[in-house]
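Only one structure is covered here, and it is reproduced in the block below.
The values are calculated or read from the model by the stated rules, or taken from the named source; none is laboratory data. The structure presented is a predicted model; accordingly, all values stated were derived computationally and were not measured. Here Cβ is always computed from backbone atoms with ideal geometry, including for glycine, and neighbour counts include all displayed protein chains. Keep in mind that these areas ignore ligands, DNA and RNA; they rest on the heavy atoms of the full protein, side chains included. Shrake-Rupley method; radii C 1.70, N 1.55, O 1.52, S 1.80 Å.
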Amino acid sequence: MSELKAYSTRQTYLAFIGFGLGSWILSDFVFAEFAALMQKTPEGYSIGAYVIVALQSANIFPLLYMLFNSRQQLISIPTMIWGLLVLGMAACALLSIFWDTKTMIGGHLHSTALFALIFCGGAVSATSTVVFYPFAATYPVMFTSALATGESLGAVIAGVLAIIQDVGSDSMNFSVGVAFLCGAVIFLISFVSFAYLRRQNTSVEIFADQEMLLQQPNMAHSTVLKAIWRTLLCQWLLAIFSFAVIPSVLPILGGKYKNSPVVMKWTSVLGMLCDPAARFATGFYRIRRVELFTAAALFFALWLTIWASYKEPLWSTAPSGGVMVVVANCFYTSLSAFTQTSLYQVLKEVEVNHKLAYQWSGFTTQMGALLGTAVIFCLVTLTNAFPSSY
């Protein structure tokens with residue numbers, strides 16, 4: 001019986017990793033294809049601003065969810081997940097066909113189909129944070145780590161495929177459309193993984209403590225927030241930098257160093273590797289002092305941000321000066337990913353309704369990303385706070 005339980009645990013852990021792939025995969029593929037989109041869309045090098053707006057405007061969906069369905073009054077969490085995964089598959093499949101469709105608006109060509117479908121993908125990514133983790137809350141805490149690992153592996157998959165594709169080159173090995181079709185396949189894997197978890201969920205003997213986990217106290221939102229506000233504050237601060245500030249200032253910072261394409265390549269590749277590795281580690285190493293780890297991550301985030309504001313950053317003229325950018329980003333990515341996942345584990349130890357706690361944590365993450373995007377976009381585009389070259 002113990003061998004059967006161990007086997008089921010391994011299968012469930014892998015299923016949660018596969019399930020997590022569907023959370024941010026469309027966004028990951030869009031960012032991985034930037035080098036090609038800049039060349040093949042009428043928006044050119046300003047494509048990034050349009051994409052960020054399309055993605056972040058989709059945060060209206062988790063806001064509406066928390067306002068009208070936080071206790072699943074209208075739609076259950078499994079039904080929401082099924083809908084999001086189907087929407088993600090459809091958006092990726094349609095992007096593979098219509099990503100280069102252009103529309104004349106105000107006398108100028110625009111990639112309307114691309115932005116509309118990215119908005120749909122953004123709805124999946126943004127809303128997944130308030131439904132995927134609450135679903136994981138009904139399982140032992142180790143599966144939260146597996147879900148987070150799957151989420152971050154999506155960026156690794158997209159990055160590796162972009163390298164194989166030789167994205168942005170004159171003769172890419174496969175087209176942007178094929179890349180988005182691969183994204184649809186990843187969504188299918190997530191769909192099948194979730195189907196496995198739903199089928200397994202009927203066998204309560206597999207996890208003896210799952211029945212206990214499902215019996216959550218009925219608590220008011222204010223009571224939950226009062227108990228977990230410190231954890232949510234940490235999650236909010238990390239989201240501001242991880243999903244908005246750092247992605248915006250890193251290209252500016254890396255561009256000021258010699259061999260900047262090489263610097264940005266290794267910053268991106270090693271960052272993508274550090275993220276899932278750090279989240280995977282939370283399944284084996286538990287921390288309680290999340291505030292201390294949050295402060296350490298914010299130290300590196302502020303360091304990188306302030307660094308990017310200098311016209312001539314430290315060692316920018318040295319042949320190997322860019323190594324410092326790569327190392328600092330690796331430290332930040334590792335600390336942030338490890339801490340963000342650990343925060344969910346800490347929430348499981350608080351005597352509150354864990355589904356509500358996870359929903360508020362996901363919602364806080366999205367609102368932090370939205371605020372951070374608005375602020376850093378204004379600072380980068382409307383001020384001289386971050387000069388692009390020295």
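Couple of notes before you dig in:
- Checking Ala90 against (1) surrounded by fewer than 17 Cβ atoms within 10 Å (Cβ to Cβ); (2) over 20 Å from Ile189 (Cβ atoms); (3) at pLDDT 90 or above, the condition it does not meet: (2)
- Enumeration of residues in region 278-288 that are at pLDDT 80 or above and either open to solvent by 80 Å² or more (accessible area, probe 1.4 Å) or under 21 Å from Met324 (Cβ atoms) (or both): Ala278, Phe280, Phe284, Tyr285
- Region 93-127, subset among the polar types (S, T, N, Q) and open to solvent by 40 Å² or more (accessible area, probe 1.4 Å), residue nearest to Glu151 (Cα to Cα): Thr112
- Options Gly177, Gly159; residue that is open to solvent by less than 40 Å² (accessible area, probe 1.4 Å), over 24 Å from Gly271 (Cα atoms) and part of a helix (DSSP H, G or I): Gly177
- Residues in region 93-113 that are charged (D, E, K, R) and closer than 28 Å to Ser190 by Cα: Asp100 alone.
- Candidates Leu109, Leu64, Leu95 - the one that is closer than 29 Å to Phe363 by Cα and either touching a residue at least 24 places away in the same chain (Cβ under 8 Å) or assigned to a loop (DSSP other than H, G, I, E, B) (or both): Leu95
- When region 359-390 is limited to residues that are under 19 Å from Trp303 (Cα atoms) and free of Cβ contacts under 8 Å to residues at least 12 places away in the same chain, the one that is surrounded by the most Cβ atoms within 10 Å (Cβ to Cβ) turns out to be Leu379.
- Residue within region 193-201 that is modelled with pLDDT under 80 and either of a type outside the set (Val, Ile, Thr) or open to solvent by 20 Å² or more (accessible area, probe 1.4 Å) (or both) present: yes
- Near pairs, Cβ below 8 angstrom, 6+ apart or cross-chain, from region 288-301 (of a type in the set (Lys, Arg)) to any residue that is assigned to a helix (DSSP H, G or I) and buried (at least 20 other Cβ atoms within 10 Å of the Cβ): Arg288/Val346
- Boolean, Val346 is open to solvent by 50 Å² or more (accessible area, probe 1.4 Å) and either within 26 Å of Ser27 (Cβ to Cβ) or at pLDDT 85 or above (or both): no
- Residue list for region 251-267, restricted to those being open to solvent by less than 60 Å² (accessible area, probe 1.4 Å) and part of a helix (DSSP H, G or I): Ile252, Leu253, Gly254, Ser260, Val263, Met264, Thr267
- Restricted to region 287-390, the set of helices (runs of 4 or more DSSP H) holding at least 3 residues that are more than 24 Å from the chain's Cα centre (by Cα) and within 30 Å of Ala54 (Cβ to Cβ) is empty.
- Residue among Ser23, Ser57 that alone is among the hydroxyl-bearing types (Ser, Thr, Tyr) and either open to solvent by 30 Å² or more (accessible area, probe 1.4 Å) or modelled with pLDDT of 95 or more (or both): Ser57
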